[in-house]
Structure formats: C-alpha cells, structure tokens
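A short worksheet on the structure shown next.
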Amino acid sequence: MCIVYVLVIKVRMRLNNININIIKIMSFLAYLIPLSLLTGPFLPDLFLVIISLLFIFYTFSNKIYYYFKSKFFLIFIVFFIYLIINSTLSEYPYFSLKSSLFYIRYGIFTLSIWFLIDKEINFKKYFFYGILIAFFLALFDGYFQFIFGSSIFGYEEAVSNYRLNLVYSNGWALGSYLVRLFPLLLALFIYNIKINNVNLILMLSLWILIDVLIYLSGERSAIALMLLSQVFIILLLKEFKFIRISSFIVSIFVILVFTISNPGIKQRNIDLTLSQIGIGQGKLNYFSILHQGYLITGISMFKSNPIFGLGVNNYRNYCSAKEYEYISRYSTESYTYSACSTHPHNNYLQLLAETGIVGILFILILILYFTKSISMQIYFKIRKKVDLYVYDDYQISLVACFLITLWPIVPTMNFFNNWINIFYFLPVGFYLHSIYTKKLINNKK
C-alpha cells in the first residue's frame, strides 16, 4: 500500500510539473505575440495555434470546462458552425472551408488568454513588458524609415509612396499595428503602472509618438481609427484628464507641422484622400472610385443571396463574373480598373456578400451589447454616479479595441485574414477575464 501511495504521489507531482510547464510555455509564447506581429502573419499565427492546442490539452486533461461554457464561446461556436455549413453548401466548398474550418482557433485562443491571466499571476505585467518592447521597436523603426528612407532591416518599398512598413516585413501595415494595439497597451499601462510624474511623462511621450507615427504611416484608415479611439478614450476615461488632453493637442500640433512642411505627406494623406472621395467634384465616393466599385460589386453579391451569402471568403471567386463585375475608371487617368479583389475592403459588406444576413447577425449582437454598455457608461458619467459605472479605465481602454474593430465606415482587410484576426481576438481574452472577475467579486458581496 505504501508503495502504491508513493507512486500516486510521484505521478501527481509529475502531472503538476507538466501542467506548470505547459502554462509557462503558453505564457512565453503569448508574450511574444506583439513582437511577432511585426514580422507578418506566419509567426503570430503559429504561436496562436500552439497556445490553443496546449490550452485544449491542459483543460481537457484536467477536466476544466468552465471557459468553454462562457456566453462568448457558446455564441462563437454557433457562428463557427454556421461558417462551416455556409462553406460546405457554397459553389466553392473546398476553397471556402480553408478559411472557415480553422476559424475556431481564434475563439480557443481568446479563452487561452483568459485562462493564462487566471493561472499566471504576473501575466498582465509580463505581457505589458512584451507589448511595450514591441512598441518601442516599432516606433524606432518607423521614425527611422521616415528619416532615412528604409527600415532598419533594409525594406525600401514604402518610401516613394509615403507608406511605412512593419519592422520585419515589407507589408504597409505599421499604422494598423499601432492603432489596433495601442488601446491594449494603454489598458495594461493603467493596470500595471503606478501614477507618478515619471510614468505620466512616459505615457504622454508614447501617446504623442504613436499618434504622429500613425499619421506618418500614410494609412488613412489607421489615421481615422486613431482619431476615433483617442476621442473615445479622452471622453470616457476617469483619470489622466490633463495628460490625455495635453498629448492629443500636442499630437495634432506636430501633425500639422509635418503636413505643412512636407508636401508629400500632405498630398498622400489629405489631397489624395479628398480627390478620391470626390469632394469638390460633384460626386462622392466610398473612399475612392475603386472602393466604390468593391462596394457595388459586394452589394450585387448580397442581393443575389441575401440570407446565406455566396460562401466564406468567396468574394474573389465571384467578383469577376459578369453578373457582379463592376468596372470603374479614374477620371484623371486613362486606365481602367476592375473592381475585383480578394475581398470588398469592408468587413460588414464582406459578411453580407459571403455569409448573408444570418452571418452578420452575430456581429450585430456584439454591436448591441457594446452600444448598451457604453450608453450606460455615458449616462452614469453625465449623472456623476461613479459607483454605478459599467467600466473602469482599464476596461474602457479594452472597449476602445472593439470600437476600432467594429467601426463600419473605413476600408478594412479581409475579415478572415489571420494577421488581422489576432488583433480582433487578443483583447477579448483580457476583457472576458475582467468582466467575469468583476461578476465573481459582486456575487461575493
């Protein structure tokens, strides 16, 4: 009996060590995600998959099903199943299933982040260090590109177009990277950092440097989302009143200086935008004539099958068909551009065209949820009922991430693109942990 008892103890100790090692590996890979996103899609998606698989192994081997029973995951699973059915019934099932079949990894990844915050006491602190290092590197390389004409790794493709690359990639997405991760950085800054003069100066400097570099990146969608998120944060945060308003004013001033002093930046961000939208030309476009073409093509697809759409990620397979093709021509050029692409450059239109009304209902649930909670936050703020606030400053910063994701009136990447989906789902894990922790605390009172 003693021998059996000793063996049982040893097995349990070994299992505990395995569990601890799994959590450490998952945490380490999670800390690397902000940095890996600067390299393009491959590495962060690889880390996401490994984290998700380890999470499944850990939770099922330890019979932990709590996370899978959350409302978020139940709704996500229904959406995922619908995507599978939608792809299977489409005209291009094998192509469509490549996007929908593995979409589940994003939902599991979200639960993994929530799990790691629960299990690893210093997760938020070390993740904050990871994202801070990534931002310092992105800022250094971004300003290096602007000054010297190439990145620190030699990418020069963006120079003539007044666009800035990711640090380890020639993708013109530095502005998107900064604008989508900044609210998460701010949330972790609020959570981890004690308020003193040194830290306030650091926050002020970071805010200004990020705002200005987003503008210099030449990504007009990122610039619009920057303004949206900053106004949202300025209006709803309780603390840092002076610092947040001061940084915004300084950022606008520096941006104006660059715009006035650099004709190329002005031409790219202002003149070209006004021209493509059609302001002063008698007819307004959705960002450009080409984007207008994508819009009309997508609407035609939606009308052909409004309930279920034409299949996940199938916009590219249908847009050149005669019944959907829309040819657009720039009025100042002699070239003809077909409004056919891999996606319609708008998440809502893509979901309508590819998954129909049924598919977009899941996104509308999110919009209704956040509209209700933000409206309550604004109401209690106006009435100065601080004790009834729905969100604290940490959560408001996280909600800013979702505002950027759900905002409908800017061109977007492919809804099913793996790189952009990490930005969509990463903050959700932090948010779920915060609201479920808050519920547990309230239930104990």
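Laboratory data are not the source of any read-out in this text; all were calculated from the coordinates shown. No experiment lies behind these values; they were computed from the predicted model shown. Backbone-built Cβ (ideal geometry, glycine too); neighbour counts: all protein chains shown.
A few points about this structure:
- The chain: relative contact order in percent, alpha carbon pairs under 8 Å with at least 6 residues between: 18 percent
- Simple point charges give the picture: +1 on the Cβ of Lys and Arg, -1 on the Cβ of Asp and Glu, and for segment 338-401 a dipole about the Cα centre of about 340 debye.
- Using only alpha-carbon positions in the chain, the gyration tensor eigenvalues give semi-axes of 37, 30, 22 Å once each is multiplied by 5 and square-rooted (largest first).
- Sorted by Cβ neighbour density within 10 Å, fewest at the top, the residues R105, R180: R105, R180
- The residue among V386, V358, T412 whose Cα reaches farthest toward the positive pole of the charge dipole of segment 341-445, with charges on the beta-carbon of Lys, Arg, Asp and Glu, is V386.
- Fraction of alpha-carbon pairs over 18 Å apart in segment 103-228 - percent: 58 percent
- Within the chain: Cβ-based charge dipole about Cα centre, in debye rounded to nearest 20 (Lys, Arg +1; Asp, Glu -1): 1740 debye
- Value of [θ]222 nm, deg cm²/dmol, for the chain, DSSP H segments ≥ 4, -39500 (n - 2.57) each, nearest 500: -23500 deg cm²/dmol
- Order of D392, D271 - criterion: other Cβ atoms within 10 Å of each residue's Cβ, fewest first: D271, D392
- Prolate/oblate/rounded call for segment 28-106, Cα gyration tensor, a/c under 1.5 rounded: oblate
- Relative protection proxy for 246-258, 220-232, 108-120, from highest mean packing down: 108-120, 220-232, 246-258 (other beta-carbon atoms within 10 angstrom).
- For segment 368-445, a/c is not less than 1.5, where a ≥ b ≥ c are the root eigenvalues of the C-alpha gyration tensor, and a/b does not top b/c. That puts it in the oblate class.
- Shape of segment 231-305, Cα gyration tensor, a/c cut at 1.5: oblate
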